[in-house]
């Protein structure tokens with residue numbers, strides 16, 4: 001069953017802790033993306049990766065980090081430097097001009 | 001900077017009413033245009049897209065959108081909505097020279113009353 005998986009669905013962390021969100025795809029797509037979704041602001045691009053071992057900052061990269069060691073995986077770390085980390089995080093991968101999205105992870109920082 | 005505006009943040013309609021959701025973008029060059037839908041508890045999924053050709057594009061579930069270049073608009077329409085269309089709708093734009101980056105609008109939350 002092909003697709004994009006994100007785990008966990010809900011994540012709670014204490015302020016000041018780093019947390020890593022998982023994103024895996026078995027679609028054999030080269031490009032992967034991380035977005036943050038906040039009410040009324042749509043989706044904003046955090047980081048993207050066009051190919052393994054390469055990634056670029058998006059519009060709101062501050063306080064986040066990523067790695068792309070494998071084609072299938074693009075984990076996102078939300079660091080303690082991110083001032084407002086509570087949000088819904090969406091991962092996507094792309095073929096051609098179309099992006100496909102995962103189910104998302106809702107992160108709440110207490 | 002590139003921006004995408006969806007002026008209707010919340011829309012409430014009764015079943016069988018007609019729907020039009022506005023989307024305007026600020027980029028002046030050639031663009032690819034998308035509408036995505038997020039049903040409650042489900043993945044964001046593609047509703048329809050425009051790359052070139054006929055500016056009136058048909059999508060899934062009876063939706064269509066019209067690209068009007070002179071107005072920088074890509075409004076989404078459906079002649080008769082159903083309760084199952086209750087969802088959040090996002091317009092997205094990809095300038096042709098932007099490496100497949102998408103810029104999203106703020107979203108429109110549609111509620112259809114049965």
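Computed from the coordinates by the stated procedures, all read-outs in this text should not be read as laboratory data. For clarity, every value in this text was computed on a predicted model and none was experimentally measured. Cβ coordinates were reconstructed from backbone atoms using ideal geometry, including for glycine residues, and neighbour counts include every protein chain displayed.
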So what's the Cα pair-distance distribution over chain A, bin width 10 Å, in %? 16, 52, 29, 4
At 1.567 mPa s and 4 °C, Stokes diffusion of the protein assembly as shown via Kirkwood alpha-carbon radius, µm² per second: 72
In a GNM of chain A with a 10 Å cut-off on Cα contacts, which of A:16, A:96, A:58 has the highest mean-square fluctuation? A:96
Which residue, B:70, B:84, B:18, has the most motion in a Gaussian network model of chain B that connects Cα atoms within less than 10 Å? B:70
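Counting alpha carbon pairs within less than 8 Å and at least 6 residues apart, what relative contact order, in whole percent, applies to chain B? Working shown, then result.
On the way: 281 pairs, mean separation 42.7, N = 114.
Over chain B, the number comes to 37 percent.
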Report, as an integer, the average count of C-beta atoms from other chains found within 10 Å of each Cβ along B:39-45. 4
Log10 I(q)/I(0) at q = 0.21 Å⁻¹ for the range B:11-72, from Debye over equal alpha-carbon scatterers, is -1.00
Once you've got the GNM for chain A with C-alpha springs shorter than 10 Å, pick whichever of A:39, A:85, A:75 has the biggest mean-square fluctuation. A:39
Counting other chain Cβ atoms within 10 Å of each Cβ in A:98-109 and taking the mean gives 3
Give me the percent relative contact order of chain A, please, defined on Cα pairs under 8 angstrom at least 6 residues apart. 35
Based on alpha-carbon centroids, what's the gap between the range A:33-110 and the range B:10-56 in Å, whole number please? 22
For residue B:70 and residue A:57, extending 7 Å from Cα along the Cα-Cβ vector and measuring point to point gives, in nm, a value of 4.2
